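A quick write-up on the structure given underneath.
The values are calculated or read from the model by the stated rules, or taken from the named source; none is laboratory data. Computed from a predicted model, the values in this text were never measured in an experiment. Don't worry about glycine lacking a Cβ; one is built from the backbone with ideal geometry, like all the others, and counts go over all protein chains shown.
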Amino acid sequence: MILKKNQEEFVFQTQNLILVKLRKLDAPFILELVNSPGWLQYIGDRNVHSILDAEHYLQNGILKCYKEHGFGFWLVKDSIKNQKLGICGITKRESLDFPDIGFAFLPKFQSMGYGFEAAKGTLKHVQEHLRLEKIVAIANIENVASNRLLIKIGMRFEKVIRFPEENRQLNFYSI
C-alpha cells in the first residue's frame with residue numbers, strides 16, 4: 001500500500017523507520033550517500049559528482065525501476081526525527097535472474113541496527129505485498145558487515161559470483 005504524505009509516497013513503516021519512495025528532490029542525499037567511503041569501497045564509484053549527476057542517477061536507475069517493476073530502493077528515514085539515514089529495497093538487475101535486496105546507510109548511521117530493521121522490514125513487505133517468487137542478494141566478498149546482515153535477516157549463502165562488468169567477487173545469497 002502506498003499513501004501520499006507530505007508529497008512523499010509512503011511504502012511501509014517499521015518500529016523506528018519510515019520507508020518512502022525516492023524522488024529527484026533527494027538528489028543531495030544520494031550525492032552524499034554514493035560518495036561515502038563504504039559505498040565507494042564496496043559498491044563502487046558511480047560517477048555521481050554533482051546534484052545534476054545524482055538526479056540522473058535517480059532518474060535512470062531507482063525511479064526507472066519503480067516504473068518498470070513497481071519496486072526499487074526506498075529512502076529510509078527515522079520515524080521520530082524524519083532524518084534521512086540511507087536506502088533499502090529491492091531492484092531487478094539484468095545480470096540476476098531474480099530481484100535482489102540491497103541497502104546502504106550514511107556512515108554516521110551504520111552499526112546502529114537501522115540496516116537490520118530496514119532490511120528485515122523490506123523482506124516482510126516484499127513477501128506480503130509484492131509476492132515475488134524468490135529474492136536474492138549480492139554483497140562484496142570483503143564487506144563483512146553487509147554479509148553478516150544478509151545472514152541475520154535470513155538469507156542463505158549459495159556461492160561466490162563475479163559480474164561480467166565488474167572485477168570483484170560477490171557473495172550470492174537467496175531466500
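Considering (1) outside any loop (DSSP other than H, G, I, E, B); (2) touching a residue at least 24 places away in the same chain (Cβ under 8 Å); (3) of a type outside the set (Gly, Ala, Ser), the lone condition that residue 15 does not fulfil carries the number (1).
Scanning region 18-43 for residues that are part of a loop (DSSP other than H, G, I, E, B) and either surrounded by fewer than 19 Cβ atoms within 10 Å (Cβ to Cβ) or at pLDDT below 95 (or both) yields 23, 35, 36, 43. Looking across region 142-175, the residues that are modelled with pLDDT under 95 and not acidic (Asp, Glu) come down to 162, 163, 164, 167, 168, 169, 175. Residues in region 150-175 that are part of a strand (DSSP E or B) and among the small types (Gly, Ala, Ser): 174 alone.
The numbered conditions (1) over 15 Å from residue 17 (Cα atoms); (2) out of contact with any Phe, Trp or Tyr (no Cβ under 9 Å at 6 or more places or on another chain); (3) exposed (fewer than 14 other Cβ atoms within 10 Å of the Cβ); (4) in contact (Cβ under 8 Å) with a residue 12 or more places away in the chain are all true for residue 69 except (3).
The single condition among (1) touching a residue at least 24 places away in the same chain (Cβ under 8 Å); (2) part of a loop (DSSP other than H, G, I, E, B) that residue 46 does not meet is (1). Quick one: is residue 128 out of contact with any strand residue (DSSP E or B) (no Cβ under 6 Å at 6 or more places or on another chain), among the charged types (D, E, K, R) and in a helix (DSSP H, G or I)? Considered against the rule, which asks whether it is out of contact with any strand residue (DSSP E or B) (no Cβ under 6 Å at 6 or more places or on another chain), among the charged types (D, E, K, R) and in a helix (DSSP H, G or I), residue 128 comes out as yes. In summary, residue 57 fulfils each of the numbered conditions (1) in a strand (DSSP E or B); (2) touching a Lys or Arg at 6+ places or on another chain (Cβ under 8 Å); (3) free of Cβ contacts under 8 Å to residues at least 40 places away in the same chain with the single exception of condition (1).
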